[in-house]
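Comments concern the structure below.
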Amino acid sequence: MSYKQTNFLGLAFSLPFLIIFAAFVVYPLLYSALVVSSGDYLSRVMSDPLFWRSLTNTLIYVALAVNIKMFLALVLSGLLTFTQFRIVKVMSYLYLLPWAVPIIAGVLSYRWMLQKEWGIVNKFLSDIGLQPVNWLGSYEGAMAALVSFHVWKWTPLWTLTFYAARQGIDPSLYEAAKIDGASMLKEFLYITWPQLKYLYIFNTMLSTIWVIGEFDIPYLLTRGDPGETTHLLSTLGFRYAFVLLRIREGLSLYLLVIPVLLIFIILLLRLFGGRR
Amino acid sequence: MKRATIIGVVVAVVVIAALLSIVLVQPRILGIGAAPQPTKLVIWWNKGYYAEEDLALMEAAQEFGKMKGVFVEVSFFTTEDIPKKLIAALEARSPPDVAYAHFEDWMLSPRWAWDGLLEDVSDIINENKQRYISEALQTAYLYNNKEGKYSYYKVPIQMQTIHIHYWKDLVAEAGFDPSPEKIPKTWNEFWNFWFTVQDKLRAKDPEKYKNVYAIGWTLGTGSTDAFYNFETIYHYYATKPIVTPDGKLNVDDPAVREALIKTFEFIVNLHKRGYNPEGALTWADPDNNAAFHARTIVMVPNPTISIPAAQYFGAVGSRENYYTKMATVDWPKGPDGRDPPRLIAVKSLLIFKDSKNKELAKEFIRYFISKDVLNKYTKASAGRWAPVFKDILNEDKFYFEGFKAGAKAFGVEEDPHIPVAYNQFRTGRLQPFYYVYHPAYSQVYAERTWIVYLNKVILENYPIDKAVDEAIARVKQIFAAWK
């Protein structure tokens, strides 16, 4: 096959994707940029005190949710390798359940569990002699609820990626380390971590990109309450567009996030390319 | 030709064919080469609470379609979804021919009328003016800033106001006579009564009743109940309106500020004294209903009578609850002894400037608001909504008796909810929301300005007078931006 023929074939196969990509990614982005550049929407958004609060909340949410989740996933993926114990096998199946639960069912159940007066979490706290907490009715409690739900929901997915990567590590390395008398910590520091660290960084960056734009969990769990204190940029943009009927402000808010995402995407591609 | 090239050509042809099929079969998608299409009326409708409501609309649509020889396409959307669909459709300039959305009145139609996006429906209104309850009709008279004129931009079909429901058996358990006529009718006595019920229940059996509260007062900023409750209380305390009927923002009047402070104090005290669940700070509209059905609140103020209706239809609870364990009572007289204000939220049909079949849409609306057709639809909501037409509200005995026929089976003579609820529309002064006087106020509802600051007072112990002043400043900003 000639170079020209190969190109033609490649183009033909890529055409459906290119059309869809152009229609649903490039066009909306360009249209949004055009619309937003026709007014001072961005400055209006940035003059809203709620924007700065939402930006802070987003940073807190992303930093805590992504890092706690990745750390737990790394640790738990190690536990899953102890397959000689039957309990580990059983737990590994159960452990995947949160990932399988639809978000809406999970969030609504979580809302009820955290309910101040009748929720099971506060009932448990009362049973052990602690004061009930108004989880969703206070800023700190609601932010903690957001982070904890995200961690509960998404840790299994990332655990699987680490678990799969651990399977690729040559077992003879661990055997050699054992013969040399290395402790489990040293095995982790000198064998496991060097083999997983790029995946860890990759996962962290990829997750950051996803979580910056996460909408469903914050919208369903707190909707910005109590008192509009827990908005993230994603829910604030929605509020502008579909509650306040200020679509252009909503668009400009989302566009504002794109350069940040692009930086992460470029870093990710460089890292990925470097390891290929 | 090599095999790979052949495959490539086939793929390309398939893709091109797919595109062509879209262009030819669905010309309206791309707006080119459009062949004449049979007339189709597109209706977007807020899904009802009960299947009967949707069926009644479908029947009306089918009947209209037969009469006119047109295809009527009805799409149902949930209360939360339909505003988003309409906003997106308006942005894309492809709105439906007729739309009905429960939340349009507070936050959407005043803005759309202002921006010139709604079709003038004065002709339909003028034909039916005598039938309308005047305060309900007032809500359709909106300002079009593009054309610089007031006109009728929507066709009201039904309305709601806040009703008060309570569990009779819980009141009896607290040692009081639970019959509606024994519930106090004066301001302080009324509220103290519910507080005392909670106190007595908890004193009687602390373990059983530790999580049962006197009142379920929604405070979540995502709800509409919160501002409905807020403004109802404001109207009790107010001697002057926040916006005057001629559209002037009146917040600089000390009497308005004073009434706002009293409203804040009333709600904050109710909540902070522990007579309202703390979780109510995050309640959305259905949450007070759920808390009441779960019997964790003794009394609940709620727009529409969806709570007893849910019991009647067995969605939750039972018909026995409806007739024997629950009751609906009117609001008490105000702190100054005045009769209670009836804050009405009026729901209307809309036609958009960009609707494709405006004349057909008007014909459908004329047909739909005819006495029998609309009454059938309204009654299908089991009394959840009230008719805005006098000839329906005052003539059909359902709005006087409700489900009286089923009462005897439960050992009672009357329907304890519907007659009381509808009587609220016939007595006292009906008061539309402030967006009627100035559309900028629709943004105050959208932002939940008063509720956000109310939350601030509760959450951060923020001083009430400062919160009120800051909220007033925000409302002024909003009005200043609507030029």
Q. In percent, what relative contact order does segment A:67-221 have, based on Cα pairs under 8 Å that are 6 or more apart in sequence?
A. 32
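How big, on average over all directions, is the shadow cast by the Cα convex hull of chain A, in nm²?
The directionally averaged projection comes out at 21.6 nm².
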Q | Diffusion coefficient, µm² s⁻¹, Stokes-Einstein with Kirkwood Rh over alpha-carbon pairs of segment A:120-223 at 10 °C and 1.306 mPa s | A | 93
Q: Give me the percent of the accessible area of chain B that comes from carbon and sulfur atoms, probe 1.4 Å, all protein chains in place.
A: 54
Q | segment B:245-401: translational diffusion in µm²/s, Stokes-Einstein, Kirkwood Rh over Cα pairs, 37 °C, 0.692 mPa s | A | 167
Q.
What do you get for chymotrypsin sites (Phe, Trp or Tyr not before Pro) in segment A:132-231 restricted to DSSP loop and a cutoff of at most 16 other Cβ within 10 Å of the site's Cβ?
A. A:PHE215
Q) Got a sec? Charge dipole of the protein assembly as shown, +1 on Cβ for Lys and Arg, -1 for Asp and Glu; which of B:ILE87, A:LEU269, B:ASN128 is way out at the positive end? A) A:LEU269
Q) For segment A:155-276, what log10 I(q)/I(0) values come out of the Debye formula at q = 0.11, 0.16, 0.17, 0.19 1/Å, with one point per alpha carbon and no solvent? A) -0.59, -0.88, -0.93, -1.04
Q. Direction-averaged shadow area of the convex hull around the Cα atoms of segment B:98-243, nm²?
A. 12.5
Q: Could you state how much accessible area is buried at the A-B interface, both sides summed, with a 1.4 Å probe, in Å² to the nearest 100?
A: 3200
(Q) Can you tell me which aspartates and glutamates have their Cα less than 14 Å from the Cα of B:LYS408? Leave out same-chain residues fewer than eight positions away. (A) B:GLU320
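Nearest 5 percent is fine: what portion of the DSSP beta bridges confined to the protein assembly as shown is antiparallel?
60
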Q: Keeping the other protein chains in place, figure out the carbon and sulfur percent of the accessible area of segment A:78-233, with a 1.4 Å probe.
A: 70
Q) How about B:LYS84: which aspartates and glutamates have a C-alpha closer than 12 Å to its C-alpha, ignoring those fewer than 8 places off in the same chain? A) B:GLU104
Q.
Restricted to Cα positions, what overall size does chain B have along the principal axes? Three whole-Å values, descending.
A. 91, 60, 56
Q. Pairs B:LYS325/B:LYS456; A:LYS69/A:LYS186; B:LYS204/B:LYS262; B:LYS371/B:LYS404: which exceed 26 Å Cα-Cα?
A. B:LYS325/B:LYS456; B:LYS204/B:LYS262
Q. Which whole-percent values make up P(r) of segment B:112-161 when all C-alpha to C-alpha distances are grouped in 10 Å steps starting at zero?
A. 27, 52, 20, 0
Q) For the protein assembly as shown, what is the calculated [θ] at 222 nm in deg cm²/dmol (nearest 500), taking -39500 (n - 2.57) for each run of four or more DSSP H residues and dividing by its residue count? A) -17000 deg cm²/dmol
Q.
List the aspartates and glutamates whose Cα sits under 18 Å from the Cα of A:LYS197, skipping any in the same chain fewer than 8 residues away.
A. A:ASP170, A:GLU187
Q: Could you calculate the contour length gain from A:VAL257 to A:SER37, that is, 0.36 nm times the residue separation minus the distance between their Cα atoms, to one decimal place in nm?
A: 77.7 nm
Q) For segment B:227-325, with only Lys/Arg (+1) and Asp/Glu (-1) charged at the beta-carbon, what is the dipole magnitude about the Cα centre, in debye rounded to 20? A) 320
**Q.** Kirkwood-based shape ratio for segment A:30-96, expressed as Rg/Rh from alpha carbons
**A.** 1.37
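What value in Å³ per residue do you get for the convex hull of the alpha-carbon atoms in the protein assembly as shown?
Residue-normalised Cα hull volume stands at 222 Å³.
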Q) When ligands, DNA and RNA are left out and all protein chains stay put, how many square angstrom of accessible area per residue does the protein assembly as shown have with a 1.4 Å probe? A) 45
Q: With a 1.4 Å probe and every protein chain left in place, tell me how much accessible area B:LYS358 has, in Å² to the nearest 10.
A: 60
Q: Mind jotting down the distance between the C-alpha centroids of segment B:290-360 and segment B:150-204, whole Å?
A: 12
Q: Provide the solvent-accessible area of A:ILE263, counting protein heavy atoms only and rolling a 1.4 Å probe, rounded to the nearest 10 Å².
A: 100
Q.
What are the extents of the Cα atoms of segment B:361-483 along their three principal axes, in Å, largest first?
A. 54, 45, 22
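The values are calculated or read from the model by the stated rules, or taken from the named source; none is laboratory data. Small disclaimer: the values here were computed from a predicted structure and weren't measured. FYI the Cβ positions are ideal-geometry reconstructions off the backbone, even for glycines, and counts take in every protein chain you see. Accessible surface areas use protein heavy atoms only, side chains included; no ligands, DNA or RNA. Shrake-Rupley method; radii C 1.70, N 1.55, O 1.52, S 1.80 Å.
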